[in-house]
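The values are calculated or read from the model by the stated rules, or taken from the named source; none is laboratory data. Not measured: the values here are computed from a predicted model. Note that each Cβ is placed from the backbone with ideal geometry, even for glycine, and that neighbours are counted across all protein chains shown. The accessibility values were calculated without ligands, DNA or RNA, using every heavy atom of the protein model including side chains. Shrake-Rupley method; radii C 1.70, N 1.55, O 1.52, S 1.80 Å.
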Amino acid sequence: MNGKQPNQKDVVHYMKKLIIFDLDGTLAESKAAIDEEMAVILGNLLTVAKVAVISGGDWPQFEKQVLAYLPQKSLKRLSILPTCGTKFYKYSKGWKELYAENFTAKEKELITKELTEAVTKSGFEAKKTWGDQIEDRGSQVTYSALGQSAPLAEKKKWDPGFAKRKIIKKTLDKTLKAFSVQMGGATSIDITKPGIDKAYGIRKLKKVLDIKISEMIFIGDALMEGGNDHPAYKTDVDCIRVRNPEDTKRVVEGIMVCLGFKPAVAK
Ligand SMILES: [Mg+2]
């Protein structure tokens, strides 16, 4: 047989202990809750491995989309990393925030001022808005051109080709040089500290949970160049690309069997 077979020591080295997931498009459809089957699969996975979820979204999104549907007894092995790991939550008799690397009041003030000025300068101020346009997520400030509760149909019409936001971003790249300015969603501009991406979150997991990168798997739907999961590669973690939550379910079932889980017989 060609190729060297791994010896027992290497096999132990490659044993996976932590399965990391992206949220939107991987565990659930965008902004939607995980379905019943996914909840069962994640509950089962938590019996054989530690699990983490990293997303650019903030804590309330995780509560609404994932946590409400998982079995209580398995939550101890789950880590939640909102806003790409600038916040870290663990469960022990309720969810606890381990840390949050929030902007200072001064930084927030500067970001809000420059955002407002850049939008005014662009001439793209919306005539009608639904809710607040500037949202403070602690470690991320998000600008939503039509407001946070704008109807999807309106949002889709506003800047489908990113033309408006590119102009606003151009100004902000000059006035907010110490920060990272990214376009997201249908009408949003996100401002964070530079270098905050999924690689940042994975490094945080390594440190906080004391698990080697070689003992982790990352699963995401946007691992292609330019996708928000792509930075995961920078850490050398083993990555699996899925197309949707249905793909994720089958991938996880495969992983679970390798970790010793006995699947039920189909009825
Ligand atoms: Mg995704």
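Could you tell me the calculated FRET efficiency between ALA100 and TRP158, based on Cβ-Cβ distance and R0 = 22 angstrom, to the nearest 0.05?
Efficiency for this residue pair is about 0.10.
Please list, by residue number, every one of the GluC sites (Glu not before Pro) in the range 68-168 that is coil in DSSP and has at most 12 other beta-carbon atoms within 10 Å.
GLU125
Per 5 Å bin, what percent of the C-alpha pairs of the range 105-192 does each bin hold, from zero upward?
3, 15, 29, 27, 17, 7, 1, 0
Distance cut-off 21 Å, Cα to Cα: go down the list LYS206/LYS234; LYS50/LYS198; LYS108/LYS164; LYS73/LYS96; LYS108/LYS206 and report the pairs above it.
LYS108/LYS164; LYS108/LYS206
At a temperature of 37 °C and a viscosity of 0.692 mPa s, determine how fast the chain diffuses translationally according to Stokes-Einstein, using the Kirkwood radius over alpha-carbon pairs as Rh; express D in µm²/s, rounded to the nearest whole number.
D = 164 µm²/s.
Between the DSSP loop rule and a limit of at most 11 other Cβ atoms within 10 Å, which trypsin sites (Lys or Arg not before Pro) in the range 26-126 are left?
LYS93
For the full complex of protein chains and a 1.4 angstrom probe, list MET256, MET15 by accessible area with the highest value first.
Of MET256, MET15, the descending order of accessible area is MET15, MET256.
Quick one: accessible area per residue over the range 105-192, 1.4 Å probe, rounded to a whole number of Å²?
For the range 105-192, the per-residue accessible area is 56 Å².
Going through the range 163-201, which trypsin sites (Lys or Arg not before Pro) have at most 14 other Cβ atoms within 10 Å and a DSSP loop state?
LYS177
For the chain, give the percent of accessible area contributed by carbon and sulfur heavy atoms, probe 1.4 Å, rounded to a whole number.
Roughly 54 percent, rounded to a whole number.
Can you give the extra length, in nm with one decimal, that the chain gains between THR112 and LYS90 once fully stretched, where that is 0.36 nm per residue apart less the Cα-Cα distance?
That works out to 4.8 nm of additional length.
Compute the separation of the alpha-carbon centres of the range 95-125 and the range 213-256 and state it in Å as a whole number.
31
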